[in-house]
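Notes for the one structure printed next.
FYI, it's all coordinate maths here, none of it is from the lab. Note that this is a predicted model, so its numbers are computed, not measured. Cβ placement follows ideal geometry from the backbone for every residue including glycine, while neighbour counts extend to all protein chains displayed.
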Amino acid sequence: MESDTIDRARVREINKRRTFAIISHPDAGKTTLTEKLLLFGGAITQAGAVKSRKTDRAALSDFLSIEQERGISVSSSVMKFEYKGYEINLLDTPGHQDFSEDTYRVLTAVDCAVMIIDNAKGVEPQTRKLMEVCRMRNTPIITFINKLDREGLDPLDIFEDIEDKLQIECVPLTWPIGMGKRFKGVYNFETRELGIFTPGYTPKDDDGIMIQDLSDPRLDELIASSQADQLREDVELIKGASDPFDMSLYLSGTQTPVFFGSAINNFGVKEMLDAFVKIAPPPGIRPAQSRDVNPMESDFSGFAFKIQANMDPEHRDRIAFFRICSGKFVKGMKVKHHRIGKEIRLSNATMFMAQERSHVEEAYPGDIIGIHNHGTIKIGDTFTTKEPLTFLGIPSFAPEHFRRVLLKDPLKTKSLNKGLTQLAEEGTIQVFRPLMGNMHVIGAVGVLQFDVTMARLKAEYNVNAGYESIDLSVARWVTCEDEKMLKLFRQKNESSLALDAEGCLTFMTTSEYQLGFVMEEWPDIQFHKTREHN
Ligand code: G4P
């Protein structure tokens, strides 16, 4: 009887969780929207509390100083807030495109995402890349079209752009009335309410003006007649042209509900958040190598998706961010760290609030906890109370930039190896050892990672190293079901092959053209752009 009550309490807690990230191209308004969401959630009390990451886009020195700051207050990586009885975890994704690998992995820990589109720009490159990752897991997407207070593209043109570039069908749940100087507000299709735009005003629950019918003459009083007519026309057109919102299509990532607003003016954000808590899915089933893991299972399980070095010299540890997938976390519990075959006690896990961190007493599936460690945790590691599990869908992405590492002090070879191995495990950089020769090739999705790696080798491993360019621009992990064929491929292409930090065979070459050539020559060999951590 008692366990039944406890279980029901756990199920209730799990169903209250909503874990998501915001995906956008830099400057679309992610920082601004985050701040407004935290204001609604009462996690911050004043605007300006969320630091813009603009400097992320500047120089390495800025990045390092930001990392240093973050080392002390990493709280901004995960922000937890409550809204209307829901426990919401908002995972931050680094803004700089050079750190997009980290961003990609954050997306493996969420159950849905909010995509922000700048209404003047439409779909931008970074959004496209992030959507590719969401697609890998069919992550449900809610779209927020931002900056309606400025002139922008016609909403229908934005829809066409999204549908064309991102292959996801748009279903508007609100509709804008004008834009720029003529922006009057949004009409909510579901509630049939009109939200009137007042710059900078924070809306409350009962602010919407009910318009039972668009022919209601009050509409012409509230907004200019010409705009009221335009709205009537638009709504007719939309009703005829777009499919209705379909929960199952949205949950499978093929349809996206769309909201319009202006984050900086806190307009349209509440409509989106109200819909978000209703339609964003609670923690779901996670596929692992051996079976699917249900969040309601009583045994604890979770995986590390991000590791953050603590750059504060006083605290040389790292924080591994764990997504809880099943069971319940209780402070001090013992779990199995399967990769190293040890049992460890989780006594000082941290939960992240918007502006502070606090020690976690208990946490549930969907929650993110931070665990301090000294390099014993790597990306993809799973902790459970019972069986060994390997969660799927935590990928490495083929690097796009490559450098050869130059060690300035030959006596430090061992430290260099250790440093590079650990940084690879943390996902800072990818390390390759070519089958021929004796060098380290490092690869990254963004070039700034090379400088960060060198700075960290110096600061944390006392290794003075540099790098030089190398004539490589494409890498693919290779596999083949036919072992003999793979062996032959290896023999014939030895000079273009390397092993990555986990010993996986990687083909590296100078151009996509060359790659295409080799792929044609070896049709039985599979060339992979992403690889699962194991
Ligand atoms: P990001 O995190 O996605 O990079 O974007 P961020 O929120 O920093 O916003 C980028 C710029 O867009 C900022 O202006 C911000 O004020 C502006 N912005 C955000 N939402 C809206 C909106 O609804 N309407 C308009 N007109 N602007 C918006 P900035 O001038 O680059 O920076 P700041 O000096 O204002 O901080």
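Which loop trypsin sites (Lys or Arg not before Pro) in region 127-163, with loop taken from DSSP, have no more than 15 other Cβ atoms within 10 angstrom of their Cβ?
Answer in residue order: Arg150.
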Dipole in debye (nearest 20) - region 452-534, about Cα centre, beta carbon charges: Lys, Arg +1; Asp, Glu -1:
240 debye
Where both residues lie in the chain, what percent of DSSP beta bridges are antiparallel, nearest 5?
75 percent
Cα-centre dipole for the chain with unit charges at Cβ (Lys and Arg positive, Asp and Glu negative), debye to 20
2100 debye
Can you spot the lysines whose alpha carbon is less than 24 Å from Lys84's alpha carbon? Ignore those fewer than 8 places along the same chain.
Lys16, Lys30, Lys36, Lys204, Lys270, Lys278, Lys328
If R₀ is 45 angstrom, what is the calculated FRET efficiency for the pair Asn417 and Asn294, using the beta carbon separation as r and rounding to 0.05?
0.65
Among Pro365, Ala398, Thr413, pick out the residue whose Cα is farthest towards the positive end of the charge dipole of region 345-476, where Lys and Arg carry +1 and Asp and Glu carry -1 on C-beta, about the Cα centre.
Thr413
Once both axes come from the Cα atoms, what is the angle between helix 512-521 and the longest principal axis of the chain, in degrees from 0 to 90, rounded to 10?
70 degrees
Run the simple label-point estimate for Glu163 and Lys484 please: 7 Å along Cα→C-beta, distance reported in nm.
5.2 nm
Could you state the number of Å between the C-alpha centres of region 213-238 and region 406-442?
65 Å
With everything on Cα atoms, drop me the angle between helix 225-241 and the longest principal axis of the chain, reported from 0 to 90° to the nearest 10.
50 degrees
Suppose every K and R has +1 on its Cβ and every D and E has -1 on its Cβ; what is the size of the dipole of region 396-532 about the Cα centre, in Debye to the nearest 20?
580 debye
Calculate, in nm to one decimal, what Ala459 and Lys84 gain on full extension: separation in residues at 0.36 nm each, minus their alpha carbon distance.
130.5 nm
Fully extended, how many nm does the chain gain between Met136 and Phe517 (0.36 nm per residue separation, minus their Cα-Cα distance)?
134.5 nm
Among Thr509, Phe20, Thr256 the positive-end extreme of the charge dipole of the chain (Cβ point charges):
Thr509
Partner lysines for Lys165 [C-alpha distance under 18 Å; skip if fewer than 8 residues away on the same chain]
Lys121, Lys129
Förster radius 22 Å - calculated FRET efficiency between Thr376 and Glu343 (Cβ-Cβ, nearest 0.05):
0.95
If each residue of separation counts as 0.36 nm, what is the full-extension length gain between Met436 and Gln526 once their alpha-carbon separation is subtracted?
30.2 nm
Any idea what angle helix 413-426 forms with the longest principal axis of the chain, computed on alpha-carbon atoms, 0 to 90 degrees, nearest 10?
30 degrees
Inter-site label distance for Ser495 and Glu151 at 7 Å from Cα along Cβ, in nm:
5.8 nm
If you take the charge dipole of region 133-234 about its Cα centre, with +1 on Lys and Arg Cβ and -1 on Asp and Glu Cβ, which of Asn138, Ile162, Ser225 is farthest toward its positive end?
Asn138
